[in-house]
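The values are calculated or read from the model by the stated rules, or taken from the named source; none is laboratory data. Bear in mind that the values here come from a model prediction, so they are computed numbers and not experimental data. So basically every Cβ, Gly included, is an ideal-geometry build from the backbone, and we count neighbours across all protein chains shown. Ligands, DNA and RNA are excluded from the accessible area calculation, which covers all protein heavy atoms including side chains. Shrake-Rupley method; radii C 1.70, N 1.55, O 1.52, S 1.80 Å.
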Amino acid sequence: MSADDAIWTSLPVPALVLDAGDRIARINPAAEGFLMSSARAVTGQPVWDKLAVDAPLEEALERARRDGSPLFVNDVDVGTGDRAPLQCNLQIAPLSGEAGHMVLLISPRELAGRVSQGQSVKSAARSAIGMAEMLAHEIKNPLAGITGAAQLLSMNLSKDDLELTDLIVSESRRIVGLLEQVEQFGNVSAPRLQAVNIHDVLDRARRSAIVGFAADMTVIEDYDPSLPLALGDPDQLLQVILNLVKNAAEAAGKAGGTIRLHSYYEQSLRVRRGEGKGKTLPLQVEIIDDGPGLPPEIAAEVFEPFVSGRENGTGLGLALAAKIISDHDGWISVSSVPGRTVFRISLPLAPKEMEED
């Protein structure tokens, strides 16, 4: 392999070479992952048949080709038809030595914007843990006294007044339940990492969902059967996936809908946290639903504690999911528009020695 080929293959962002007719001449491995297609399948295809860009690029691209100048397009949605659009930056430049050919680099903002996600999630977790300790000591005991007093009062009250004491008891119990969820958020143990067949975890989640909270939903399996083993704690990963599937079912309501469990391999995803070495996260799991989508005002903060799109939601489920995935050295992200919400979990491979155990 020549030095040029090695650089092309090693590029961490999707890269495409377009010929003079805006057809795909070649792509790098990162672009194969982004397009979810092999180089052989897309070579010779019109690029705008494979990429949907929310910006009028054709004229600007032709002008850049004619003038031999680069073109930069920031903060545009780029989709492929197989995944929800991602906000990306695009860099386009003439390819030296090949007349009319252009290089297109796609830089998902997801990669740049969430590099510090692990640290922010863990910082938020520490704050929530401190709050949990304070709330447990300062609120739960008085609430128990209030509940007991209301129950005693109810023994000698009329039917109309009983409604008031019942309200006191039910609301007190609801607050206790919230505090217990806060405590659970702070008490998640470190993952017991092992080689995990992620499809076994997905199947456990699917079977639990269709006989329970997702009974009104259609749950579709869309797996890559060749996927290697992941490094993770199967019980904690099951907790995360069940939470995401439950959120999708609750968003759909009684009207029902479709949830798709999708797994695939994308070797280009690498995340660096702090000063550590970048970690490759090639195993991808997506929970995709056709519900109403996340409210725009919370979409950017949905993994933070106490942020919820539901009227009676605690805002802890997704924060807990983010904490667990961060503890796995993984990555969780979301892309949401009305009719399509995708929660994506990216996990590392299990080491070879674990696979052989």
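Annotations
- Stretching the chain fully between A60 and A99 yields a gain of 12.3 nm (0.36 nm per residue, less the alpha carbon separation).
- Rolling a 1.4 Å probe across the protein heavy atoms gives region 1-74 an accessible surface of 55 Å² per residue.
- Relative to the current alpha-carbon distance between V176 and R40, full extension at 0.36 nm per residue lengthens the span by 43.2 nm.
- Net charge, E98 excluded, C-beta distance under 11 Å - Lys, Arg +1, Asp, Glu -1: 0
- With both labels modelled 7 Å from their Cα along Cα-to-Cβ, the D166 to R207 distance reads 4.0 nm.
- Distance between modelled label sites at A6 and V337, nm, 7 Å Cα→Cβ extension: 4.1
- Charge tally in the Cβ shell below 15 Å around L152, where Lys, Arg are +1 and Asp, Glu are -1, L152 excluded: -2
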